[in-house]
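Note sheet for the following structure.
The values are calculated or read from the model by the stated rules, or taken from the named source; none is laboratory data. Not measured: the values here are computed from a predicted model. Heads up, the Cβs are rebuilt from the backbone with ideal geometry, glycines too, and the neighbour counts pull from every protein chain shown.
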Amino acid sequence: MVSLKDFLEVIDYKITDGARYMWSCYGPDAYAMHHWNDINGPGGFELNVIFDTRTHKVYAVEASDYTNNRAYRLIDSAYRDSHKQEAQSRNCDYKQAWDDVNYIDLDLDFDWLDKARAIVAGTSYDERVSIELDLTDQEMLLIFRLAHEKDMTFNQYVEYILRLQLDRLQTTDISDHD
C-alpha cells in the first residue's frame, strides 16, 4: 500500500485540510488528510489519504482529476469489503466520487502514484488500469511467441487478449458466469 510518506511527497507536503475519519470501517484512529489546489474544473485536483494516527498505516488514497472528470482510488485490500459494506449501510453509492463520476479502483501502488503525480503536475497520464499477472514460464513463452507472430510487444498482446475476453464476456449472458 502507498505509504504516508509517498502521499506527502506527491503533494509536496502541502496539506490543505484534515479531520478524523467519521466512518468506522478503518477503526477508531482513522484520520483523513487532503490536498486541494482550490480549482473546480480545468486544472483542478484533490488528493486524499486515510490513515491510522497511531500506526500511520494507510487505508486508502484517492486522486480526483477535475480537468478530465476522473477519480482514482486505491483501498488496502484488507479493508475493501468493510468499506463497501459501510457505504451500503449508509445508503451511499460505493462507486460514486462526485456527481456522475465514479471511482476507478486501482490495485497497484505504482499505478496510483503515477496518476497522482501527473494530476498534480498537470501532465497527461495513462488512463488505463494496470493489473498484475501471475504467469508461469511456459505461459510467458507462449505469449511471447504469439505476440511475435502478430508483430506485437508482449504488453500489447496481453492487452489484446484481455480486451477480447472482456468483449466476449460483455456479449455473453452474465448468468452464465455465476
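The conditions are (1) more than 25 Å from Lys57 (Cα to Cα); (2) of a type in the set (A, V, I, L, M); (3) touching a strand residue (DSSP E or B) at 6+ places or on another chain (Cβ under 9 Å), and Leu108 fails exactly one of them. Which is it?
(1)
Here is a yes/no grid of residues against (1) under 27 Å from Ser24 (Cα atoms); (2) touching a residue at least 60 places away in the same chain (Cβ under 8 Å); (3) not assigned by TED's automatic domain parsing to the domain that holds Tyr21:
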position	(1), (2), (3)
Asn68	no, no, no
Asp81	yes, no, no
Asp99	yes, no, no
Asp109	yes, yes, no
Trp112	yes, yes, no
Lys115	no, no, no
Arg128	no, no, yes
Arg163	no, no, yes
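For the range 32-51, enumerate the residues that are more than 18 Å from Asp114 (Cβ to Cβ) and in contact with a strand residue (DSSP E or B) (Cβ under 6 Å, 6 or more places away or on another chain). Give the steps one after another, and end with the answer.
Our first condition is that a residue be more than 18 Å from Asp114 (Cβ to Cβ); within the range 32-51, this holds for 32-34, 36-44, 50-51.
If the condition is that a residue be more than 18 Å from Asp114 (Cβ to Cβ) and in contact with a strand residue (DSSP E or B) (Cβ under 6 Å, 6 or more places away or on another chain), then Ala32, Met33, His34, Trp36, Asn37, Ile50, Phe51 are the ones that fit.
Answer yes if at least one residue in the range 22-38 is in contact with a Leu (Cβ under 8 Å, 6 or more places away or on another chain), surrounded by fewer than 19 Cβ atoms within 10 Å (Cβ to Cβ), assigned by TED's automatic domain parsing to the domain that holds Leu108 and part of a loop (DSSP other than H, G, I, E, B), and no otherwise.
no
Please enumerate the residues belonging to the range 39-54 that are over 26 Å from Glu127 (Cα atoms), part of a loop (DSSP other than H, G, I, E, B) and touching a Phe, Trp or Tyr at 6+ places or on another chain (Cβ under 8 Å).
Listed by number, the list holds a single entry, Thr53.
Hey, can you tell me all the residues within the range 152-175 that are hydrophobic (A, V, I, L, M, F, W, C) and not in a loop (DSSP other than H, G, I, E, B)?
Quick first cut of the range 152-175, residues hydrophobic (A, V, I, L, M, F, W, C) only: 152, 154, 158, 161-162, 164, 166, 169, 174.
Residues satisfying the conditions are Phe154, Val158, Ile161, Leu162, Leu164, Leu166, Leu169, Ile174.
Does Ala147 satisfy the condition of being surrounded by 13 or more Cβ atoms within 10 Å (Cβ to Cβ) and either acidic (Asp, Glu) or over 30 Å from Glu46 (Cα atoms) (or both)? Walk me through it before giving the result.
Numbers: surrounded by 13 or more Cβ atoms within 10 Å (Cβ to Cβ): yes; either acidic (Asp, Glu) or over 30 Å from Glu46 (Cα atoms) (or both): yes.
Yes; evaluated as a whole, the condition is true for this residue.
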